[in-house]
Ligand SMILES: Cc1ncc(C[n+]2csc(CCOP(=O)(O)OP(=O)(O)O)c2C)c(N)n1
Ligand SMILES: [Mg+2]
């Protein structure tokens with residue numbers, strides 16, 4: 001965390017991170033990385049149609065929240081949502097199958113990369129309209145508050161989204177009604193092909209606006225899973241205890257282009273290389289070794305994650321495309337379209 005001085009001093013101290021939790025954070029980051037790399041390979045093999053947005057390099061944020069959240073909490077994310085969906089426990093074959101448009105996909109192969117959803121796991125959808133899900137997450141949080149369930153809605157969005165009206169509307173209502181919602185801005189420095197600094201009046205697109213909603217400014221190193229985990233725990237505890245929303249800005253970087261067709265030529269020379277030095281998974285492995293974790297344990301974990309991705313890929317490839325009969329299933333509320341006539 002690079003601006004601890006700016007953070008809310010009154011929030012409870014984060015608990016120490018235990019060894020089991022650290023292994024869980026490493027395991028989940030590996031799974032997210034390997035699965036996302038596989039998605040890219042499948043795209044190159046022309047097995048994934050349509051566009052897709054990878055979050056290679058941003059895994060620490062999804063993994064840390066995935067580990068910190070309660071199973072009945074809710075995640076709302078963007079089109080860059082493969083990792084966030086997996087981090088809630090959605091199956092790899094469900095995700096890869098959906099990307100490939102197969103029956104075994106989370107949505108039966110009809111949604112694709114930008115609509116990943118797994119309601120049973122609390123993954124409440126991937127939203128392609130910038131900012132659209134921020135008010136929706138506030139609504140979910142309001143339902144939890146109304147029903148007294150102590151569930152928390154966590155809403156992930158990009159830096160560019162902080163310049164959209166819905167961001168301000170959602171933050172205002174969340175603050176006024178003290179809703180149990182955690183807004184997480186993944187500041188990867190770019191909105192599509194435009195550097196965020198070129199179009200934003202403040203240095204930190206989310207954190208510098210927190211004061212406008214009476215919220216503390218929270219900035220965290222989004223490439224450090226431990227730091228994100230600590231901030232996540234604090235914000236989730238605060239929301240569950242009735243303390244209202246949090247707005248967190250996690251600084252990170254996407255290793256690939258905005259979407260699958262983008263070679264990211266607009267990035268200054270050397271920028272990617274600089275961020276690759278801060279690859280969250282490499283950094284985390286080094287930390288675990290320094291803390292005395294045994295290397296063969298990590299190697300086994302890496303092999304197991306790869307084995308799971310291979311198995312999920314085989315299952316998804318073997319799964320058929322949706323049948324013609326499936327086309328109108330789950331499209332109309334009553335199961336049919338007769339009401340329209
Ligand atoms: C309302 C709306 N306007 C424009 C777009 C086109 N668009 C898709 S992604 C994107 C950039 C978003 O950048 P950011 O919020 O930083 O998220 P990132 O892609 O970096 O994760 C834009 C402008 C859109 N999807 N929705
Ligand atoms: Mg961005």
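Values in this text are rule-based calculations from the coordinates and carry no lab data. This is a predicted model, so every value here is computed, not measured. Using ideal geometry, Cβ is built from the backbone for each residue, glycine included, and neighbour counts are taken over all protein chains shown.
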Let me check the size of the chain from its C-alpha atoms; what are the radius of gyration and Dmax in Å?
19.7, 68
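Given contacts defined as C-alpha pairs under 8 Å and at least six residues apart, what's the relative contact order of the range 154-241, whole-number percent? All intermediate terms of the calculation are to be shown ahead of the outcome.
Working: 80 pairs, mean separation 26.4, N = 88.
Worked out over the range 154-241, it gives 30 percent.
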Given a Förster distance of 25 angstrom, what is the FRET efficiency for residue 23 paired with residue 317, based on the Cβ-Cβ distance and rounded to 0.05?
0.25
Distance in nm between residue 289 and residue 119 label points, each 7 Å along Cα→Cβ, equals 4.7 nm
Go ahead and run the numbers for FRET between residue 103 and residue 211, Cβ-Cβ distance against an R0 of 51 Å, rounding to 0.05.
0.55
Please build a GNM for the chain, connecting alpha carbons under 10 Å apart, and tell me which residue among 192, 269, 98 fluctuates the most.
269
Would you kindly state how much longer the chain becomes between residue 169 and residue 310 on full extension, computed as 0.36 nm times their sequence separation minus their alpha carbon distance, in nm to one decimal?
46.5 nm
Cut-off 10 angstrom, C-alpha nodes, Gaussian network model of the chain. Which of 296, 245, 216 fluctuates the most?
296
Based on DSSP, what percent of beta bridges with both residues in the chain are antiparallel, to the nearest 5?
10 percent
When each pair of different Cα atoms in the range 252-332 is counted once in the 1/r mean, what is the Kirkwood radius in angstroms, to one decimal?
17.2 Å
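Let me have the relative contact order for the chain, percent, based on Cα pairs under 8 Å that are six or more residues apart. Let's see the in-between values first.
Details: 631 pairs, mean separation 78.3, N = 341.
With pairs under 8 Å counted, the relative contact order is 23 percent.
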With springs only between Cα atoms under 10 Å apart, run a GNM on the chain and tell me which of 246, 55, 143 wobbles the most.
143
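In square nanometres and to one decimal, what's the mean projected area of the convex hull around the Cα atoms of the range 56-116? Could the numbers behind the result be given before it?
Values: hull surface 15.7 nm².
Answer in nm², one decimal: 3.9.
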Which order do 313, 21 fall in if you start with the one that has the fewest other Cβ atoms within 10 Å?
21, 313
Contour excess over end-to-end distance, with Cα ends at residue 271 and residue 333 and 0.36 nm allotted per residue:
17.5 nm
Can you pull the one-decimal nm distance between simple spin-label points at residue 324 and residue 146, each 7 Å off the Cα toward Cβ?
4.3 nm
By Cβ neighbour count within 10 Å, fewest first, 208, 310 rank 310, 208
Taking the alpha-carbon centroid of each part, what is the distance from the range 207-282 to the range 38-112 in angstrom?
19 Å
Sorted from fewest to most neighbouring beta carbons within 10 Å, what does the list 301, 100, 306, 92 look like?
306, 301, 92, 100
